[in-house]
Amino acid sequence: MSDDLFKKVLSHAKEYGFVFQSSEIYDGLSAVYDYGPNGVELKKNIRDYWWKSMVQLHQNIVGLDAAIFMHPTTWKASGHVDAFNDPLIDNKDSKKRYRADVLIEDYVEKLENKVQKEIKKARKRFGDNFDEAQFTATHPRVMKYREQQKNILQRMAQSLEKNDLADVKALIEELGIADPVSGSKNWTDVKQFNLMFGTKLGADAGSAMDLYLRPETAQGIFVNFLNVQKTMRMKIPFGIAQTGKAFRNEIVARQFIFRMREFEQMEMQFFVRPGDEIKWYEYWKEERLKWHKSLGFGDAYYRFHDHEKLAHYANAAADIEFKFPFGFKELEGIHSRTDFDLSQHEKYSGKKMQYFDPEINQRYTPYVIETSIGLDRMFLAVFSASLQDEILSDGTSRTVMKIPAILAPTKVAVLPLLKKDGLPEIAQSIVNDLQWDFKVTYDEKDAIGRRYRRQDAVGTPYCVTVDHQTKDDQTVTLRERDSMKQIRIHITALRQHIQDQFDLRNWLK
Ligand code: GAP
């Protein structure tokens, strides 16, 4: 994993119609992106894969599509108006704006890089006898770096918790942190910056209502908790799932579609009896990790990061981190949110948000386990782990997107070997039949080898080639993307053969 791979991800995403910069002809809009024809298919397939596993395969989880606009009191109740802030700092010389906590975290990351260098050196020296745990616990330089890391992060967390922004600035100055662009250490004071985008509802400037674009989809679920529970006669434990856009005015918007200002979330709130929440929290941590692993990238791509410092409403929280080209980063959050949100909405709306549990004959405010994943971030995970350059046995190379077949934008490409002798007509009739079941594409341009490479580059799992033999015996060549193996198969057997690869049972069971 490297900068090179990340650069390749960016250029491949654009060149092959997956992701474009928003409003590119006007030089783009920072941290806002558009999905091209291949991107929109991949994104939809990821969303469907999530929806099917969460809603279709759980009898006690139902869906919802709440509006992006919500009554502004929602965000007072949820705590977003007062606390959904990032600490920002400007550099007076470069005029660049940064998140103060990110500058400090980047400094800590540099210390960690030094630790990793020491480990690498020692591993080389000691070979098979190297014991990493013992080395890091006893080596004086490594111990010093680790101690510094701990102290810095602890001090930052405490200062942010107390909203002591002067101390956050003091920490940046004491560590000698310079503007990564200009090298200048001429900093402004640290200020809190609310991440919600504001807008107005109504035409009349005087009476227009201040609204926010939702910064998470979750609140649409909380405010509809009783509507859904009553109309669908749901019994606790049950969940409500939703996918949809969310908006955050991110200060540091970098790393492509990893951190965007407009993005899509896939969230599920699972309502449980108070006291049962930790059991369900553990359950959903494992379930969600299993979902990720079902895609077949391998265990090495995932790790849990259990939060030590918890948000005021949570009593347990963990991230599923993914090995992106720029290192392990959060892909999904699993949070035990207690009864915080429902209680707050009860307080601010004056409406009861409670549930009568017939099994124990008690009324209570349910506790909530939340699973929350960014669809765009999942897209980046799938895209970057799938993109590979391969050297083939004949010494040539190919770029192939080994996208899990179930998520591939196009499932089958149908290719007539030549543009004559009736081959295009046969190929077109195969397209006409298969397109009822799969996303299929037809391509007759260029030599067959180049067409295979083009399909490899967008991750199409199957190519069907029609040649002169097809006219004699109704068979075609079926080429599989990853192995590049080719078999001869009768046209009437094609659909069934391909269908098995896209059967959800083979992925999620
Ligand atoms: N309702 C809980 C919630 O929103 P979060 O950790 O702020 O929690 C959940 O966000 C997930 O949404 C993250 O794990 C990430 O995948 C995605 N996400 C958050 N901010 C994002 C951004 N600016 N761009 C893309 N994805 C983002």
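Could you list which residues have their amide H under 5 Å from that of Leu387, counting only those 5 or more apart in sequence or on another chain, with H placed in the peptide plane?
Long-range HN contacts for Leu387: Lys402.
Taking a virtual spin label 7 Å from the Cα of Ala67 along the C-beta vector, which residues in segment 216-260 bring their backbone nitrogen under 19 Å of it?
Answer for this model: 216-228, 242-247.
Net charge near Glu267: determine it from the other residues with C-beta under 15 Å of the C-beta of Glu267, scoring Lys and Arg +1 and Asp and Glu -1.
Net of charged neighbours comes to -3.
How much length is gained on full extension from Ser184 to Arg450, taking 0.36 nm per residue of separation minus their Cα-Cα distance? Show your work: numbers first, answer last.
Working: separation 266, 0.36 × 266 = 95.76 nm, distance 5.04 nm.
Difference between extended and current length: 90.7 nm.
Apply the Karplus curve 6.51 cos²θ - 1.76 cosθ + 1.60, θ = phi - 60°, to the phi angles in segment 470-475 and return the couplings in whole Hz, x for Gly and Pro.
My calculation for segment 470-475 gives 4, 5, 7, 10, 6, 10 Hz in order.
Using alpha carbons only, how many angstrom separate the centre of segment 415-449 from the centre of segment 14-71?
29 Å
HN-Hα J couplings of segment 28-44 from phi, Karplus 6.51/-1.76/1.60, θ = phi - 60°, integer Hz, Gly and Pro as x?
x, 10, 5, 6, 10, 9, 10, 9, x, x, 6, x, 5, 6, 4, 5, 5
In segment 359-435, which GluC sites (Glu not before Pro) are in a loop and have at most 13 other Cβ atoms within 10 Å, using DSSP for the loop call?
Loop-located and lightly packed - Glu359.
If amide hydrogens are placed 1.01 Å from N in the peptide plane, which non-local residues have theirs closer than 5 Å to the one on Ala246?
Residues meeting the criterion, in which the H sits 1.01 Å from N, are Phe263, Glu264, Gln265.
How large is the accessible surface of Ser393 in square angstrom, using a 1.4 angstrom probe and rounding to the nearest 10?
Approximately 130 Å² for this residue.
Counting only protein heavy atoms, what percent of the accessible surface of the chain is carbon or sulfur at a 1.4 Å probe? Don't skip to the end; give the middle numbers.
Values: 12500 of 25400 Å².
Reported share for carbon and sulfur atoms: 49 percent.
Need the C-alpha centroid separation for segment 81-119 versus segment 134-195, integer Å.
Answer, in whole Å: 8.
With a 1.4 Å probe and every protein chain left in place, work out the accessible area per residue of the chain in Å², rounded to a whole number. Each step should come with its number before you reach the end.
Numbers: 25400 Å² over 509 residues.
Accessible surface, normalised per residue, equals 50 Å².
By per-residue mean of other Cβ atoms within 10 Å, what is the highest-first order of 36-46, 448-458? Kindly include the intermediate steps, with their values, before the conclusion.
Working: 36-46: 19.6, 448-458: 17.9.
In descending order of packing, they fall as 36-46, 448-458.
What's the Cα-based Rg to Rh of segment 377-450, Rh via Kirkwood?
On the way: Rg = 15.4 Å, Rh = 14.5 Å.
When Rh is taken as the Kirkwood radius, the ratio is 1.06.
Run the quick spin-label model on Ile487 and Val252: label points 7 Å from Cα toward the beta carbon, then report their separation in nm to one decimal.
5.0 nm
Compute and list, largest first, the equivalent-ellipsoid semi-axes of the chain from the alpha carbon gyration tensor, each √(5λ) rounded to a whole angstrom.
Details: eigenvalues 375, 211, 117 Å².
Taking √(5λ) for each Cα gyration eigenvalue gives 43, 32, 24 Å.
Around Arg451, what is the net charge, scoring Lys/Arg as +1 and Asp/Glu as -1 over all other residues with Cβ under 11 Å from its Cβ?
Details: positive: Lys445, Arg450, Arg453, Arg454, Arg479; negative: Asp443, Glu444, Asp446, Asp456.
Neighbourhood net charge equals +1.
Around Val431, under 13 Å between beta carbons, what's the net of Lys plus Arg minus Asp minus Glu among the other residues? Don't jump to the answer; show the numbers that get you there.
Numbers: positive: Lys411, Lys439, Arg495; negative: Glu425, Asp433, Asp437, Asp443, Glu444.
Computed value for this residue: -2.
Using the Cα centre of segment 179-332 as the reference point, and only Cβ charges (+1 on K/R, -1 on D/E), how large is the resulting charge dipole? Debye, rounded to the nearest 20. Intermediate results must be reported in sequence, preceding the final value.
On the way: 22 positive and 21 negative charges, 51 e Å.
Approximately 240 debye in magnitude.
Between Phe193, Val142, Phe126, whose Cα lies farthest towards the positive end of the dipole of segment 85-194 when Lys and Arg beta carbons carry +1 and Asp and Glu beta carbons carry -1, centred on the Cα centre?
Phe126
Read phi for every residue in segment 171-184 and hand back ³J(HN,Hα) as whole Hz from Karplus 6.51 cos²θ - 1.76 cosθ + 1.60, θ = phi - 60°, with x for Gly and Pro.
5, 4, 5, 4, 7, x, 6, 10, 4, x, 8, 9, x, 6
Defining a contact as two alpha carbons under 8 Å apart and six or more residues distant in sequence, what relative contact order in percent does the chain show?
On the way: 836 pairs, mean separation 72.1, N = 509.
Answer for the chain is 14 percent.
For the chain, with the dipole built from +1 on Lys and Arg beta-carbon atoms and -1 on Asp and Glu ones, taken about the Cα centre, which of Leu211, Ile391, Tyr49 lies farthest toward the positive end?
Ile391
Counting only DSSP beta bridges with both residues in segment 410-508, tell me the antiparallel percent, nearest 5.
The antiparallel fraction comes to roughly 55 percent.
Under a plain spin-label model, where a point goes 7 Å from the Cα along Cα-to-Cβ, how far apart in nm are Ser94 and Gln474?
So the label points at Ser94 and Gln474 sit 6.8 nm apart.
Find, among the trypsin sites (Lys or Arg not before Pro) in segment 382-426, those assigned to loop by DSSP (not H, G, I, E, B) with at most 10 other beta-carbon atoms within 10 angstrom.
Values: sites: Arg398, Lys402, Lys411, Lys419, Lys420; in loops: Lys402, Lys411, Lys419, Lys420.
Answer by residue number: Lys419, Lys420.
Counting helices only, and only those DSSP H runs with n ≥ 4, report the 222 nm mean residue ellipticity of the chain as the sum of -39,500 (n - 2.57) divided by its residues, in deg cm²/dmol to the nearest 500. Walk me through the intermediate numbers first.
On the way: 18 runs with 197 residues, N = 509.
After summing the helix terms and dividing by the residues of the chain, the value is -11500 deg cm²/dmol.
Around Thr441, which amide H atoms from residues at least 5 apart in sequence, or from another chain, sit under 5 Å from its own amide H, with H modelled in the peptide plane?
Hits under the 5 Å cutoff: Val412, Ala413, Val414.
The values are calculated or read from the model by the stated rules, or taken from the named source; none is laboratory data. Bear in mind the structure is a predicted one, so any value in this text is a computation, not a measurement. Virtual Cβ from ideal backbone geometry, glycine too; neighbours counted across all protein chains shown. Heads up: the accessible areas ignore ligands, DNA and RNA and are worked out on the full protein's heavy atoms, side chains in. Shrake-Rupley method; radii C 1.70, N 1.55, O 1.52, S 1.80 Å.
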